[in-house]
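Heads up: the structure comes next, in structure tokens.
The values are calculated or read from the model by the stated rules, or taken from the named source; none is laboratory data. Since we're looking at a predicted model, the values are computed, not measured. No Cβ is skipped: glycine too gets one built from the backbone with ideal geometry, and neighbour counts run over all protein chains shown.
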Amino acid sequence: MHRLVGIAASCLACLFFAAAVYAWAPARKAGLWEMTTNMTWQQSPFPGGTPPPAAAAAFGGGPRTTQVCLTQAMIDKYGAPVPQGRGDCQVSNVKLSDHGMTADMVCTGRMGGNATVESSWTDDEHATGKVHFTGTLQAGPSPKPIEWTINSTSVYKGADCGNVKPIEPSSK
């Protein structure tokens, strides 16, 4: 059981951060953004349908706030930071508009599946986003079905990212 939790926590932490970052779409202003995400499970791989208590904050136990550095190159190409999925997740079909973006995300590896990504902004300092993922988590000899949604809000903090480094894109 501890191995299942460890594998799931490792996979989910990486993908959670990547998806959460991508779910947030900045309002076309490069610099430091503060993003608050909230993950909810529609189908959890954990016994009883909920994540283990130690991982609750990262896996749907409430809001999580992080800082993200957005470059002008990310804005121009994607309209948002793209997932840092360590090669396991690829973003495609990015469609930009004046007030939003949509994209698809495909993940392979221990956590495989598909996600839809949506973001919108009404001004240059606020944005909202959503990622909906459906797939499987390889946990032991058989994959477990999973489904989750991450909703996010973000606020521009300033042009200087300080010690926060930009996330490298992983797209096709």
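Any residue in the stretch 160-167 that is at pLDDT below 90 and within 14 Å of the chain's Cα centre (by Cα)? Yes: one or more hits. The single condition among (1) under 17 Å from the mean Cα position of the chain (by Cα); (2) among the hydroxyl-bearing types (Ser, Thr, Tyr); (3) under 23 Å from Leu70 (Cα atoms) that Thr134 does not satisfy is (3). Inspect the stretch 155-162 for any residue being small (Gly, Ala, Ser), touching a residue at least 60 places away in the same chain (Cβ under 8 Å), farther than 19 Å from Lys77 by Cβ and part of a strand (DSSP E or B) and give the result as yes or no. So far as the stretch 155-162 goes, yes, one or more of its residues are small (Gly, Ala, Ser), touching a residue at least 60 places away in the same chain (Cβ under 8 Å), farther than 19 Å from Lys77 by Cβ and part of a strand (DSSP E or B).
Among the residues of the stretch 74-99, count how many are part of a strand (DSSP E or B), surrounded by 14 or more Cβ atoms within 10 Å (Cβ to Cβ) and either of a type in the set (Phe, Trp, Tyr) or modelled with pLDDT of 90 or more (or both). Please lay out each step first, then the result.
Here is the first cut: in the stretch 74-99, the residues part of a strand (DSSP E or B) are 89-97.
If we keep only those that are surrounded by 14 or more Cβ atoms within 10 Å (Cβ to Cβ) too, we end up with 89-91, 94, 96.
Those left that are additionally either of a type in the set (Phe, Trp, Tyr) or modelled with pLDDT of 90 or more (or both): 94, 96.
So the count comes out to 2.
For the stretch 137-148, which positions are touching a residue at least 40 places away in the same chain (Cβ under 8 Å) and in a strand (DSSP E or B)? It would help to see each step written out before you state the result.
Filtering the stretch 137-148 down to residues touching a residue at least 40 places away in the same chain (Cβ under 8 Å) leaves 137-140, 144-148.
Within the stretch 137-148, Leu137, Gln138, Ala139, Lys144, Pro145, Ile146, Glu147, Trp148 meet the criteria.
Going through the stretch 83-141 one residue at a time, which ones are farther than 20 Å from Met39 by Cα and small (Gly, Ala, Ser)? Gly87, Ser92, Ser97, Gly100, Gly109, Ala139, Gly140, listed by residue number. It is to be established whether one or more residues within the stretch 110-121 are surrounded by 17 or more Cβ atoms within 10 Å (Cβ to Cβ) and outside any strand (DSSP E or B). Yes, the stretch 110-121 contains at least one residue that is surrounded by 17 or more Cβ atoms within 10 Å (Cβ to Cβ) and outside any strand (DSSP E or B).
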